[in-house]
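The values are calculated or read from the model by the stated rules, or taken from the named source; none is laboratory data. Worth saying up front: this structure is predicted, and the values here are computed from it rather than measured. Virtual Cβ from ideal backbone geometry, glycine too; neighbours counted across all protein chains shown.
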Amino acid sequence: MALQAIDARRLSQMLVFVAGEIARREAELNALDAAAGDGDHGITMRIGFEAIRERLGQLDPATPVDAILRESGNAFLGGTGGAIGVVMGKMLMAGGKALQGVQEIRAPEFLLLLNSWETSVSATGKVKPGDRTILDAIHGAASALTASDATKKDLDVVVDLSAAAAQEAARSTADMLCRVGRASRLGTRVLGHPDPGATSFAIMLRAMHDWITSPTALDTQL
Amino acid sequence: MKKLINDPRKVAAEALEGLALAYPQYLRLVPNAQAVVRKDAPVAGKVGVLSGGGSGHEPMFAGFVGAGMADGSVAGNIFASPPPQPIVTAAKAIHGGAGVLFLYGNYSGDVLNFDMAAEMLEEEGIRTSTVRITDDVASAPPERHEERRGIAGDFFVIKVAGACAAREGSLAEVTAAAEEANRHTRSMGVALSSCIIPASGTPIFDLAEGDMEVGMGLHGEPGVERARLKSANEVAEELVRRILEDMPELANGDAAILVNGLGATPLAELFIVFRAAHAMLVRHGVTIRHSYVGNYATSLEMAGCSISLLRLNERLKPWLAAPAQTPALVQI
């Protein structure tokens, strides 16, 4: 039986599990980035999530859901640098704001979270869907849930749906040209390779789903 | 990968620590931030000039901290902008009450992090202004010059802003001086081989033996043309030609020139390039007032060079000629 509500303690565990998955995929993300950048996206993501893991370990066990998200964003932002540091940091912090006072994340709150992330990333990076960025994966995930009346579904079902949509959206960035960032000077050289940021986001959602539905993953230690 | 390092994750931090230990007469480390400031910072009443960006370009940016140039510099990890908090910490360490000017190359990561730091400083009542350096001719056409990235021309802009600040310019005046230097600076580079980022351990691009890429960026961003490697004379002339096409008003005027090595190119080769560039500039009636040759803005162990030209006018001349005491530039 998959978990149907993520409380504060579970949220910390889940983020630590996601951090592990990102670290496991580091080389793959570096290789994707090498096709369009300097090949360090996996390193940056791993460092950012390590900073989250470290911060979570220092938090009072009674820290609520919204504060965990804010602290995670703050840790990522301070831990990495680069454009992705600000984009991911502000995104996670915006999630904290959107879930203010929330005790547990269920399907409706998960949709709120995704929508807040999309708004935040779009504003921070001044990007829109189709620009070949992490936003494409977030937008794909959020749109899939909105279209499927997700708030009435179980949490594991909506996370699965969003992860599949994010992965599909990330894959489709391989056909997109880049408009922003360092890779925007690459022209058609980026074609054929999915955007590393969008791929990272798809990995994050898939890891969340794996964690929710796996009894051993639920035991992730802080 | 063959590198003299201890831990790939600590390259930026340990390099900065070494720089500060080697040059205590010019600068010191800032506690709790990957940053250095001039040893007597903050200088009361003076505008603070803060540079910064990803590491891997040594001596840029930290090597140009000291009297007459930048008051401080924040170092990100290799090829990654520093986060906002160390920028804020360094800005406070150099704030002498007259505001702080941010000077950095125009890359989206730096823009996001420095802008966020500026917001945080504003909330604390510290005034900042920003000049993004856009000297790389290869990175965008003239009509989109504000999108261009910053490369070795950072050196001229920091030199001019630092001199203006040292002569007690206000924040508005130092900002205007930096903007003017940026408007008058153009650079063009050529890469002969890739560099290796320590944490990934692999070259960031492939460049076949015998090939060069004209206009390649400091992080391996593709340039304008990939071709067979030519002679130093031909390469130097092509770089200068592209700069002259972009800034025709350079001809028959005064200029400063920087022939910059990217990390793995011997000084002898840089002088051969300088020799050819000098001859071509003389042919175009350019009077070279200041020459700089060496590794100023590198890309780890990339081979290749860039040429930067600053078109001098009567305002810029005294600022460029002014003294500076920094690890990477001592000018009397």
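A few points about this structure:
- Some residue of region A:141-153 being crowded, with 20+ Cβ neighbours inside 10 Å, of a type outside the set (A, V, I, L, M, F, W, C) and not in a loop (DSSP other than H, G, I, E, B): no
- Answer residue from region B:60-88, given it is surrounded by fewer than 24 Cβ atoms within 10 Å (Cβ to Cβ) and facing chain A (nearest Cβ under 10 Å) and is nearest to the chain's Cα centre (by Cα) among those: B:Pro86
- Any hit, region B:107-126, residues being under 21 Å from B:Asn182 (Cα atoms), within 11 Å of chain A (Cβ to nearest Cβ), surrounded by fewer than 24 Cβ atoms within 10 Å (Cβ to Cβ) and of a type in the set (S, T, N, Q): yes
- Criterion (loosely packed, with under 14 Cβ neighbours inside 10 Å, modelled with pLDDT of 95 or more and not in a strand (DSSP E or B)) met by exactly one of B:Ala268, B:Ala236: B:Ala268
- Selection count, region B:156-184, where residues are under 17 Å from B:Ala322 (Cβ atoms) and either in contact with a helix residue (DSSP H, G or I) (Cβ under 7 Å, 6 or more places away or on another chain) or in a strand (DSSP E or B) (or both): 17
- Looking only at residues of region B:29-47 that are surrounded by 20 or more Cβ atoms within 10 Å (Cβ to Cβ) and charged (D, E, K, R), we find that the one that is farthest from B:Thr89 (Cα to Cα) is B:Lys46.
- Against the conditions (1) aliphatic (A, V, I, L, M); (2) within 27 Å of A:Asp38 (Cα to Cα); (3) surrounded by fewer than 22 Cβ atoms within 10 Å (Cβ to Cβ), A:Ala137 satisfies every one except (3).
- Across region A:9-27, the qualifying residues are those that are free of Cβ contacts under 8 Å to residues at least 24 places away in the same chain and within 14 Å of chain B (Cβ to nearest Cβ), and the one among them that is surrounded by the fewest Cβ atoms within 10 Å (Cβ to Cβ) is A:Ala27.
- Residue check for A:Ala83: in contact with a helix residue (DSSP H, G or I) (Cβ under 8 Å, 6 or more places away or on another chain) and within 12 Å of another protein chain (Cβ to nearest Cβ): yes
- Scanning region A:43-56 for residues that are of a type outside the set (Lys, Arg) and more than 8 Å from every other protein chain (Cβ to nearest Cβ) gives A:Met45, A:Gly48, A:Phe49, A:Glu50, A:Ala51, A:Ile52, A:Glu54, A:Leu56.
For (1) within 14 Å of another protein chain (Cβ to nearest Cβ); (2) of a type in the set (Phe, Trp, Tyr), each residue gets a yes or a no:
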{"site": "B:Gly153", "(1), (2)": "no, no"}
{"site": "B:Phe205", "(1), (2)": "yes, yes"}
{"site": "B:Leu218", "(1), (2)": "yes, no"}
{"site": "B:Glu225", "(1), (2)": "yes, no"}
{"site": "B:Ala232", "(1), (2)": "no, no"}
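- Single unsatisfied condition, B:Asp154 versus (1) touching a residue at least 60 places away in the same chain (Cβ under 8 Å); (2) on the phi > 0 side of the Ramachandran plot: (2)
- Listing of helices (runs of 4 or more DSSP H) fully contained in region A:1-96 that carry 3 or more residues being farther than 27 Å from B:Asp206 by Cα: A:8-24, A:41-58, A:65-80
- Looking only at residues of region A:6-34 that are small (Gly, Ala, Ser) and touching a helix residue (DSSP H, G or I) at 6+ places or on another chain (Cβ under 7 Å), we find that the one that is farthest from A:Ile212 (Cα to Cα) is A:Ala27.
- Given (1) at the interface with chain A (Cβ under 10 Å from one of its Cβ atoms); (2) touching a Leu at 6+ places or on another chain (Cβ under 6 Å), number of the condition B:Met188 does not satisfy: (1)
- The one condition in (1) modelled with pLDDT of 95 or more; (2) over 23 Å from B:Gly105 (Cβ atoms); (3) of a type outside the set (A, V, I, L, M); (4) not in a helix (DSSP H, G or I) that B:Gly189 fails to fulfil: (2)
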